1. What are the residues in the stretch 75-92 that are open to solvent by 50 Å² or more (accessible area, probe 1.4 Å) and assigned to a loop (DSSP other than H, G, I, E, B), if any?
2. Check the stretch 8-16 and report whether any residue there is open to solvent by less than 70 Å² (accessible area, probe 1.4 Å), assigned to a loop (DSSP other than H, G, I, E, B), among the small types (Gly, Ala, Ser) and free of Cβ contacts under 8 Å to residues at least 24 places away in the same chain.
3. Return yes when GLN33 is touching a residue at least 40 places away in the same chain (Cβ under 8 Å) and of a type in the set (S, T, N, Q) and no when it is not.
4. Looking at GLN95, GLN33, which is the one that is among the polar types (S, T, N, Q) and exposed (fewer than 12 other Cβ atoms within 10 Å of the Cβ)?
5. Within the stretch 37-71, take every residue that is under 12 Å from the mean Cα position of the chain (by Cα), of a type outside the set (Gly, Ala, Ser) and open to solvent by less than 40 Å² (accessible area, probe 1.4 Å) and give me the one that is farthest from ASP98 (Cα to Cα).
Amino acid sequence: MAARGWKGLTPYRADTIFRTNIQGAYQVGRYKQMQAVKALRPFWQYSAVLDRRARPTHRALHGKVFPADHPFWNTWYPPNGFRCRCTVKTLSARQVADRGLTA
C-alpha cells in the first residue's frame, strides 16, 4: 500500500475518522428520536453550521423544510460527508405556519 501512496494514519486522518463516526452515531440516535415524535412534529428542517467551512450544498439546504417522510431525507439526512456538522430539527405544523415556512 505504501507504493500506492498510503502514509499510514496521520493525526488529521484519525481526527476526521473519529469526528465522522461520532457524528454518524449521534445522527442515528437523533433519527430514532425524531421518528418517535413524527406524529406530533411531522416536519423536519435542515440546519447547517453557517461558517467559512460550510460546504456550498449544505449552506444552500440550511433552513429548508420537508415532511419527515419525504424522499429528500433518504439522500440528505446528515452527516453528508466527512466532517459534516449539519443536523435536523423537528417542527410541528403550527411552528411551520407561525414561522412562515413552506414544506
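The values are calculated or read from the model by the stated rules, or taken from the named source; none is laboratory data. None of the values given here were measured: they were computed from a predicted structure. So basically every Cβ, Gly included, is an ideal-geometry build from the backbone, and we count neighbours across all protein chains shown. Only protein heavy atoms, including side chains, enter the accessible area calculation; ligands, DNA and RNA are left aside. Shrake-Rupley method; radii C 1.70, N 1.55, O 1.52, S 1.80 Å.
1. PHE82, ARG83, ARG85
2. yes
3. Values: touching a residue at least 40 places away in the same chain (Cβ under 8 Å): no; of a type in the set (S, T, N, Q): yes.
No: the conditions fail for GLN33.
4. Working: GLN95 fails: exposed (fewer than 12 other Cβ atoms within 10 Å of the Cβ).
Exactly one residue qualifies, and that residue is GLN33.
5. Checking each candidate, the answer is HIS58.
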